[in-house]
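Note sheet for the following structure.
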Amino acid sequence: MKIKLLLFAQLADLYGTHSMVIEDINDTDSLIRELKARNDAIGFHKYVIAVNESIEKGNIILKNNDTVALLPPFAGG
Amino acid sequence: MDKKKTKKKVFVDGPVSPEFIANSIAKHSTKKNIGAHAIFLGQVREDIKDDKPVQHIEYSAYNEMAENVFHEIREEAFATYDLNCMHIYHSLGKVNAGEICLFVFVSSKHRDASFEACRTIVEDIKNKVPIFGKEVTGDEDYTWKENI
(Lines give C-alpha, C1' and ligand atoms only; values in the text may rest on other atoms or scores of the structure.)
Protein backbone atom coordinates (compact mmCIF):
# COMPACT_ATOMS: atom_id res chain seq x y z
CA MET A 1 0.00 0.00 0.00
CA LYS A 2 1.26 3.48 -0.73
CA ILE A 3 0.12 7.00 -0.07
CA LYS A 4 1.11 10.34 -1.54
CA LEU A 5 2.35 12.85 1.01
CA LEU A 6 2.22 16.57 0.25
CA LEU A 7 4.29 19.05 2.22
CA PHE A 8 4.05 22.84 2.26
CA ALA A 9 5.92 25.86 3.59
CA GLN A 10 8.00 25.11 6.69
CA LEU A 11 7.50 21.36 6.34
CA ALA A 12 8.57 21.33 2.69
CA ASP A 13 11.70 23.18 3.86
CA LEU A 14 12.26 20.60 6.59
CA TYR A 15 12.09 17.58 4.30
CA GLY A 16 13.48 19.26 1.21
CA THR A 17 10.53 18.31 -0.96
CA HIS A 18 6.89 19.15 -1.64
CA SER A 19 5.80 15.56 -2.17
CA MET A 20 6.83 12.00 -1.58
CA VAL A 21 5.37 8.54 -1.82
CA ILE A 22 5.29 6.65 1.45
CA GLU A 23 4.81 2.89 1.51
CA ASP A 24 3.53 0.51 4.14
CA ILE A 25 1.84 3.13 6.28
CA ASN A 26 -1.72 2.35 7.35
CA ASP A 27 -2.79 5.39 9.33
CA THR A 28 -1.86 8.98 10.03
CA ASP A 29 -0.30 8.27 13.44
CA SER A 30 2.11 5.86 11.79
CA LEU A 31 2.82 8.42 9.09
CA ILE A 32 3.78 11.05 11.65
CA ARG A 33 5.97 8.54 13.50
CA GLU A 34 7.71 7.76 10.23
CA LEU A 35 8.25 11.45 9.51
CA LYS A 36 9.60 12.02 13.03
CA ALA A 37 12.06 9.18 12.50
CA ARG A 38 13.29 10.91 9.34
CA ASN A 39 13.52 14.36 11.00
CA ASP A 40 12.42 14.84 14.58
CA ALA A 41 12.28 18.64 14.13
CA ILE A 42 8.73 18.13 12.85
CA GLY A 43 7.80 17.96 16.53
CA PHE A 44 8.42 21.70 16.80
CA HIS A 45 6.03 22.62 13.97
CA LYS A 46 2.31 23.31 13.96
CA TYR A 47 0.25 21.74 11.21
CA VAL A 48 -3.08 20.13 10.44
CA ILE A 49 -3.51 16.95 8.46
CA ALA A 50 -5.71 16.77 5.36
CA VAL A 51 -6.61 13.38 3.91
CA ASN A 52 -7.87 13.65 0.33
CA GLU A 53 -8.33 17.42 0.84
CA SER A 54 -10.40 17.04 4.00
CA ILE A 55 -8.91 18.25 7.28
CA GLU A 56 -9.09 15.46 9.83
CA LYS A 57 -8.45 15.17 13.55
CA GLY A 58 -7.28 12.09 15.38
CA ASN A 59 -5.85 8.97 13.84
CA ILE A 60 -7.19 8.27 10.36
CA ILE A 61 -6.99 4.87 8.69
CA LEU A 62 -5.52 5.34 5.22
CA LYS A 63 -6.34 3.54 1.98
CA ASN A 64 -4.11 2.79 -0.95
CA ASN A 65 -3.43 5.91 -3.07
CA ASP A 66 -4.80 8.32 -0.48
CA THR A 67 -3.26 11.81 -0.55
CA VAL A 68 -2.20 13.16 2.81
CA ALA A 69 -1.16 16.79 3.15
CA LEU A 70 0.50 18.34 6.18
CA LEU A 71 -0.64 21.96 6.28
CA PRO A 72 1.24 24.54 8.35
CA PRO A 73 -0.64 27.64 9.55
CA PHE A 74 -2.41 29.44 6.74
CA ALA A 75 -1.37 32.85 5.47
CA GLY A 76 -3.98 33.82 2.88
CA GLY A 77 -5.26 37.34 2.55
CA MET B 1 -22.75 37.22 -11.86
CA ASP B 2 -23.62 33.53 -11.77
CA LYS B 3 -24.64 31.98 -8.53
CA LYS B 4 -24.11 28.33 -7.60
CA LYS B 5 -22.23 27.16 -10.66
CA THR B 6 -18.89 25.75 -11.62
CA LYS B 7 -15.81 26.73 -9.68
CA LYS B 8 -14.48 30.18 -10.51
CA LYS B 9 -10.81 30.87 -11.06
CA VAL B 10 -9.52 32.64 -7.95
CA PHE B 11 -5.73 32.54 -8.16
CA VAL B 12 -3.85 35.16 -10.17
CA ASP B 13 -0.11 35.35 -10.78
CA GLY B 14 1.47 38.21 -8.87
CA PRO B 15 -0.32 41.21 -7.39
CA VAL B 16 -3.86 42.32 -8.18
CA SER B 17 -3.48 45.63 -9.96
CA PRO B 18 -5.48 48.76 -9.12
CA GLU B 19 -6.47 48.89 -12.80
CA PHE B 20 -8.00 45.41 -12.57
CA ILE B 21 -9.97 46.48 -9.51
CA ALA B 22 -11.22 49.64 -11.22
CA ASN B 23 -12.21 47.68 -14.34
CA SER B 24 -14.11 45.18 -12.19
CA ILE B 25 -16.10 48.01 -10.65
CA ALA B 26 -16.76 49.57 -14.05
CA LYS B 27 -18.08 46.29 -15.46
CA HIS B 28 -20.86 46.26 -12.89
CA SER B 29 -22.42 49.51 -14.02
CA THR B 30 -24.65 47.53 -16.39
CA LYS B 31 -26.14 45.55 -13.51
CA LYS B 32 -28.86 48.01 -12.59
CA ASN B 33 -30.39 45.97 -9.77
CA ILE B 34 -27.24 46.37 -7.64
CA GLY B 35 -27.38 49.12 -5.00
CA ALA B 36 -24.28 48.33 -2.98
CA HIS B 37 -20.78 46.94 -3.39
CA ALA B 38 -18.45 45.98 -0.55
CA ILE B 39 -14.82 45.60 -1.46
CA PHE B 40 -11.96 44.26 0.64
CA LEU B 41 -8.36 44.61 -0.48
CA GLY B 42 -5.59 42.75 1.31
CA GLN B 43 -2.27 44.51 0.90
CA VAL B 44 1.17 43.16 1.75
CA ARG B 45 2.31 45.07 4.79
CA GLU B 46 5.94 45.92 5.40
CA ASP B 47 6.20 44.07 8.71
CA ILE B 48 9.52 43.85 10.51
CA LYS B 49 10.86 40.31 10.84
CA ASP B 50 14.16 39.69 12.64
CA ASP B 51 14.78 43.45 12.55
CA LYS B 52 14.40 43.58 8.78
CA PRO B 53 11.47 44.90 6.70
CA VAL B 54 9.45 42.47 4.59
CA GLN B 55 10.24 43.19 0.94
CA HIS B 56 7.70 40.85 -0.56
CA ILE B 57 5.63 37.77 0.15
CA GLU B 58 5.77 34.70 -2.06
CA TYR B 59 2.38 33.02 -1.95
CA SER B 60 1.93 29.32 -2.58
CA ALA B 61 -1.01 27.02 -1.96
CA TYR B 62 -2.35 23.50 -1.90
CA ASN B 63 -4.01 24.52 -5.12
CA GLU B 64 -6.58 21.79 -5.62
CA MET B 65 -7.83 21.96 -2.05
CA ALA B 66 -7.72 25.77 -1.99
CA GLU B 67 -9.88 26.01 -5.11
CA ASN B 68 -12.43 23.69 -3.54
CA VAL B 69 -12.44 25.65 -0.30
CA PHE B 70 -12.90 28.95 -2.20
CA HIS B 71 -15.84 27.35 -4.00
CA GLU B 72 -17.39 26.30 -0.68
CA ILE B 73 -16.89 29.81 0.71
CA ARG B 74 -18.63 31.27 -2.33
CA GLU B 75 -21.53 28.84 -2.17
CA GLU B 76 -22.04 29.42 1.54
CA ALA B 77 -22.00 33.20 1.10
CA PHE B 78 -24.60 33.02 -1.69
CA ALA B 79 -26.73 30.73 0.47
CA THR B 80 -26.45 32.95 3.55
CA TYR B 81 -26.68 36.47 2.15
CA ASP B 82 -28.88 37.99 -0.51
CA LEU B 83 -26.11 38.75 -3.00
CA ASN B 84 -26.23 39.62 -6.66
CA CYS B 85 -22.60 39.03 -7.42
CA MET B 86 -19.30 37.98 -5.90
CA HIS B 87 -15.68 37.96 -7.05
CA ILE B 88 -12.67 36.68 -5.18
CA TYR B 89 -9.09 36.94 -6.42
CA HIS B 90 -5.96 35.89 -4.51
CA SER B 91 -2.35 36.20 -5.60
CA LEU B 92 0.11 33.39 -6.06
CA GLY B 93 3.80 34.08 -6.45
CA LYS B 94 5.56 37.30 -5.59
CA VAL B 95 3.69 40.32 -4.22
CA ASN B 96 5.74 43.30 -3.07
CA ALA B 97 5.04 45.23 0.11
CA GLY B 98 2.38 47.79 -0.77
CA GLU B 99 0.78 45.65 -3.49
CA ILE B 100 -2.59 43.93 -3.34
CA CYS B 101 -2.75 40.18 -2.72
CA LEU B 102 -6.49 39.70 -2.08
CA PHE B 103 -9.52 41.28 -3.78
CA VAL B 104 -12.98 40.42 -2.50
CA PHE B 105 -15.86 42.17 -4.25
CA VAL B 106 -19.48 41.49 -3.33
CA SER B 107 -22.61 43.20 -4.60
CA SER B 108 -26.20 43.27 -3.46
CA LYS B 109 -29.38 45.24 -3.77
CA HIS B 110 -28.96 46.77 -0.31
CA ARG B 111 -25.83 47.40 1.74
CA ASP B 112 -26.32 45.11 4.75
CA ALA B 113 -25.81 41.91 2.74
CA SER B 114 -22.64 43.21 1.08
CA PHE B 115 -21.08 44.51 4.31
CA GLU B 116 -21.75 41.29 6.19
CA ALA B 117 -20.89 38.88 3.38
CA CYS B 118 -17.62 40.63 2.64
CA ARG B 119 -16.46 40.34 6.24
CA THR B 120 -17.48 36.70 6.48
CA ILE B 121 -15.75 35.82 3.20
CA VAL B 122 -12.50 37.51 4.23
CA GLU B 123 -12.45 35.75 7.62
CA ASP B 124 -13.23 32.41 5.98
CA ILE B 125 -10.40 32.88 3.49
CA LYS B 126 -7.93 33.63 6.25
CA ASN B 127 -9.04 30.70 8.38
CA LYS B 128 -9.87 27.98 5.89
CA VAL B 129 -7.90 28.28 2.65
CA PRO B 130 -4.55 26.44 2.52
CA ILE B 131 -2.47 29.34 1.27
CA PHE B 132 1.08 29.89 2.52
CA GLY B 133 3.23 33.01 2.50
CA LYS B 134 6.99 33.32 2.59
CA GLU B 135 7.85 36.77 3.97
CA VAL B 136 11.12 37.64 2.30
CA THR B 137 13.38 40.18 4.00
CA GLY B 138 16.61 39.63 2.08
CA ASP B 139 18.28 37.45 -0.54
CA GLU B 140 18.33 34.40 1.66
CA ASP B 141 16.21 35.53 4.57
CA TYR B 142 12.58 34.76 5.08
CA THR B 143 9.97 33.70 7.61
CA TRP B 144 6.69 31.88 7.07
CA LYS B 145 3.64 34.08 7.66
CA GLU B 146 0.95 32.90 10.04
CA ASN B 147 -2.51 34.46 10.09
CA ILE B 148 -3.78 35.53 13.49
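Numbers for the structure displayed
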item: Set B:60, B:29: member being open to solvent by 20 Å² or more (accessible area, probe 1.4 Å), of a type outside the set (D, E, K, R) and at pLDDT below 95; result: B:29
item: Meets criteria (part of a helix (DSSP H, G or I) and either within 20 Å of residue A:18 (Cβ to Cβ) or in contact (Cβ under 8 Å) with a residue 12 or more places away in the chain (or both)) for residue B:143; result: no
item: Residue tally, condition open to solvent by less than 10 Å² (accessible area, probe 1.4 Å), more than 14 Å from residue B:37 (Cβ to Cβ) and of a type in the set (S, T, N, Q), over segment B:70-109; result: 1
item: Selection within segment A:1-21 - open to solvent by less than 10 Å² (accessible area, probe 1.4 Å) and away from every other protein chain (no Cβ under 14 Å); result: A:3
item: The listed residue being modelled with pLDDT under 95 and either within 14 Å of chain B (Cβ to nearest Cβ) or surrounded by fewer than 14 Cβ atoms within 10 Å (Cβ to Cβ) (or both), out of A:66, A:24; result: A:24
item: Elements of type strands (runs of 3 or more DSSP E) in segment B:51-140, at least 1 residues being among the polar types (S, T, N, Q), over 30 Å from residue B:30 (Cα atoms) and away from every other protein chain (no Cβ under 13 Å); result: B:83-96
item: Residue A:46 more than 14 Å from every other protein chain (Cβ to nearest Cβ), within 30 Å of residue B:88 (Cα to Cα) and free of Cβ contacts under 8 Å to residues at least 40 places away in the same chain; result: no
item: Qualifying residue in segment A:57-74 (condition: of a type in the set (Ser, Thr, Tyr) and more than 18 Å from residue B:68 (Cβ to Cβ)); result: no
item: Matching residues, segment B:1-26, being among the acidic types (Asp, Glu), at pLDDT 95 or above and either open to solvent by less than 40 Å² (accessible area, probe 1.4 Å) or within 26 Å of residue B:69 (Cα to Cα) (or both); result: B:13
item: Every pair of residues 6+ apart whose Cβ atoms lie under 7 Å, when the first sits in segment B:34-59 and is of a type in the set (S, T, N, Q) while the second is not in a strand (DSSP E or B); result: B:43/B:98; B:43/B:99; B:55/B:97; B:55/B:137
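The values are calculated or read from the model by the stated rules, or taken from the named source; none is laboratory data. These numbers were taken from a predicted model, which means no experiment stands behind them. Neighbour counts run over all protein chains shown; Cβ positions are idealised from the backbone, glycine included. Remember, those area values only see protein heavy atoms, side chains included, never the ligands or the DNA or RNA. Shrake-Rupley method; radii C 1.70, N 1.55, O 1.52, S 1.80 Å.
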